[in-house]
Structures are given as C-alpha cells and as structure tokens.
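Read through the structure below, which is laid out as structure tokens, and then see the notes.
Nothing in this text is a laboratory measurement; each read-out follows from the coordinates by a stated rule. Only a predicted model underlies this, so the values are computations on that prediction, with no experimental measurement involved. Cβ coordinates were reconstructed from backbone atoms using ideal geometry, including for glycine residues, and neighbour counts include every protein chain displayed.
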Amino acid sequence: MSVLDLGIDLGTANIIITVGKSGAILNEPTVIAFDKNTESVIAFGQEAYKMIGRAPEHIAVIKPLRDGVISNNDMAQELIRLCILKVIGKRLINPRIVMCVPSGITAVERKAVVESAVSAGARTVYLIEEPVAALLGAGEDIMKPFGRMVVDIGGGTSDIAVTSLGGIVAANSVKKAGNAFNASIQRYFEEEHRLLIGERMAEEAKISCANMFWPSEEKTGVISGRSLVSGLPARMEISEADICAAITDDVDDIIAAIRTVFEMTPPELVGDIYDHGMVLTGGGALLRGLDMYITREFGVKCFVANDPLGCVARGTHMAFRVRDRLRNGFEKASVSRL
Ligand SMILES: Nc1ncnc2c1ncn2[C@@H]1O[C@H](COP(=O)(O)OP(=O)(O)O)[C@@H](O)[C@H]1O
Ligand SMILES: [Mg+2]
C-alpha cells in the first residue's frame, strides 16, 4: 500500500491539510452541521460555516473546538475524519500524518484526535507543538542555539513561545484571540450603541475596519443588526476607533501573556530575540497595526510572517524532514496499524 505524507493544522477556526511540496490542499472552517432528526452530519467546513446563525431548530451547527479546547469530542473526531477522507478520496492510501493540535487540549482529547486520524486510514500519526510548527512554517531556523519567539494568534487562543535548539524554552497561552475579539466587538455595539450584531458581522468589521496602531475616527465601515431601542433592523457607520476601543482590552491581555514569557526566558535568549525580533503568526496576526502595537509595547521588533494563516500548516508538513532532530514538541503518538 502506498504512503502519503499529510500535515494537518487542526485549528479552532480553520483546519488546513498540506500534502508534499504542493502546500495546502484543504482549508476549511472548523465547523460541522448535524441534523438532529436524522442523526447525521449534513455538511462540514465552508458549507457548514454558511449555516451559522441561519439554521432551523433541528440542525446544530457546531464549532467543535471552540476556545482552544475540544467542546464536542464526537463532532471533532468526525470532522477530522471527513477532512482526511476528502483529501485521500477513493485512493487506497495509508497516510503518515503530522498533526498540530491546540495547546490547551487534554491528553484524553489528544488521543481522541489521533484515533480519528487512524480511523480515516492514517498509518502513523505524529503530534507537533503549535509554536514549533508556526516557527518552521514562518521560515525560521529553529535548530540553532539561538532564541526565537513566536506569537500565534488563532481563533480560540494566542500561544506564545520561545524556542532554541528545536525545543521550547518558555511558553504561555491565553484564551484571547480572534473569537474573543469578535465577542468583544458584539458587546461593544450592544453596550455603547444598543445595536445587536451577529458573530459574522463582527468578524467582517474586525477584518475591514481594525487598526490597533493609528485608529482613525473617520467612519469608513458599516454594520447592520437589530436595534435594541426600536427592535427593528438598523445599520450604523463605524470607524477604526470603534473597533480599537472594542478589542484593546483583549489585545492587552495578549501583551501581558507575552510579558510573562519574556520573564521566564533566560537572558541570553532574550538578547537573541531583541536582535532578531519576534514573529507573529495565525489569522490574528493580520489585525491591522498589531505588529506595531507590540513593537511599541516591548521595544522589540515584531513582524508578521509571510502568509500567517498558513504557517502552522506549512510547518506541520516541513516537520517530516526534521522530525528526528526536534528535541521536544514532537511526540510519536501512535505507531503503525496492523
Ligand atoms: N484580516 C484579518 N484581520 C484580523 N483577524 C483575522 C483576519 N483574517 C483572519 N482573522 C482571524 O484569524 C482567526 C483564525 O486564525 P487561524 O490561525 O486560522 O486560527 P486557528 O489556528 O485557531 O484555526 C479568526 O478568528 C479570524 O477572525
Ligand atoms: Mg492555529
């Protein structure tokens, strides 16, 4: 039976699968839709994402990895299995898989994730720590005796780590990332402007109208929802300053988490980071002006990796090449199936 090498980034917001040098071949929102009447999965990924907030009573649209932990184990397993099968297609192939799972998941959940990969035909499953994958995917050489710092801002968590010689020296994680930004934006308009908006509307506002460094007061965006005053549909013009006001507290929680990692890191490595700068990965890295906000906060250069949304996925695949050289962060989770 032939062998295929797959890299899987099981993110709380997106699941990305990479094959060989060709890069991502599957990139779907981590969402699954379940029909309670027929007790069957009716959609996953992009198709299920479109149903969020729009599904009738009997259809549950589930984000099984909400907030960096597995909130629905069965659905998480099913989603992983479906994604792997979509990639493999009808080929009789037993892939080798390097998988990156959120840092907050428990040993039991990790085992469940590995099992679902095995049930989709995986021959071997390796797990890799997210910061190691993120740095590899960002093109950083993490094998040298040199400090590297990464801040990966995903959907559920922001993970910060310092590596040297292929291993993690200090790390921290906070449950403040893309989802929390969206929730804060929803809360802000509800409290300040008595306007109830949906999660996807908040997401759009964040992407089109954020600026953490130089927020302008000019009204450049529009949001719509339901007015809490009249109970009727309403729309409102918004500015970068609105979004900045809504999410600054969350961003400052991430700043505090970065500070803790600096405090845990040996001085020699802090010096390296000072010289080299720190790298931002994950979708949250695209928040406009965040790199400069962090740079101003620490006086250390902070730069956004090339294609930050794809870093972890790229890194999982690159990890096949260096797997025997990684000191920790790469644990063999399951050996060959018979
Ligand atoms: N241009 C953007 N500006 C701000 N946030 C963004 C942007 N693009 C994507 N995001 C956010 O990035 C998050 C997803 O990042 P990702 O790294 O895929 O997360 P995960 O690894 O948890 O799946 C989402 O919360 C999304 O809202
Ligand atoms: Mg991620």
Per residue, the convex hull enclosing the Cα atoms of the stretch 223-338 spans a volume in Å³ of 207
Per the Cα gyration tensor, the chain corresponds to an equivalent ellipsoid with semi-axes, largest first in Å, of 33, 29, 14
Expressed as a percent, the portion of alpha-carbon pairs in the stretch 228-293 spaced more than 20 Å apart is 49
Once the mean of 1/r over all distinct C-alpha pairs in the stretch 178-246 is inverted, the Kirkwood radius in Å reads 11.7
Reduced to Cα centres, the span from the stretch 12-36 to the stretch 257-295 in Å works out to 28
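What does the net charge come to around GLU57 if you take all other residues with beta carbon closer than 14 Å to its beta carbon, with K and R at +1 and D and E at -1?
Numbers: positive: LYS36, ARG54; negative: ASP35.
The answer is +1.
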Under the Karplus relation with 6.51, -1.76 and 1.60 and θ = phi - 60°, whole-Hz ³J(HN,Hα) for the stretch 150-158, x at Gly and Pro, equal 10, 10, 9, 9, x, x, x, 9, 10
Out of THR30, LEU85, GLY137 - ranked by how far each Cα lies towards the positive end of the dipole of the chain, with unit charges on the beta-carbon of charged residues - the top one is LEU85
Stretched fully, the stretch from TRP214 through VAL69 gains (0.36 nm per residue minus C-alpha distance, one decimal, in nm) 48.8 nm
Taking placed amide H atoms and a strict 5 Å upper bound, the residues 5 or more places from ALA234 or on another chain that come that close are GLY225, ARG226, SER227
For LEU4, other-chain or 5+-apart residues with amide H closer than 5 Å (H placed, Pro excluded) are ASN94, ARG96
With the label point 7 Å along the Cα-to-beta-carbon line of GLU331 and a cut-off under 15 Å to each amide N, the hits in the stretch 167-183 are 168
Within the set ASP152, ASP242, ASP275, GNM on the chain using Cα springs under 10 Å gives the largest fluctuation to ASP275
Note on the chain: helices (DSSP H) long enough, at least 24 Å by alpha carbon along their axis, and hydrophobic enough, mean Kyte-Doolittle at least -1.0, are 240-264
Summed over the other residues with a beta carbon less than 9 angstrom from that of LEU228, with K and R at +1 and D and E at -1, the charge totals +1
Between VAL322 and VAL222, the two model label points (7 Å from Cα along the beta-carbon direction) sit apart by a distance in nm of 4.8
Which of PRO308, PRO29, PRO56 fluctuates most in a GNM of the chain (C-alpha springs under 10 Å)? That residue is PRO56
About its Cα centre, the chain carries a charge dipole, from +1 on Lys and Arg Cβ atoms and -1 on Asp and Glu Cβ atoms, whose size in debye to the nearest 20 is 1360
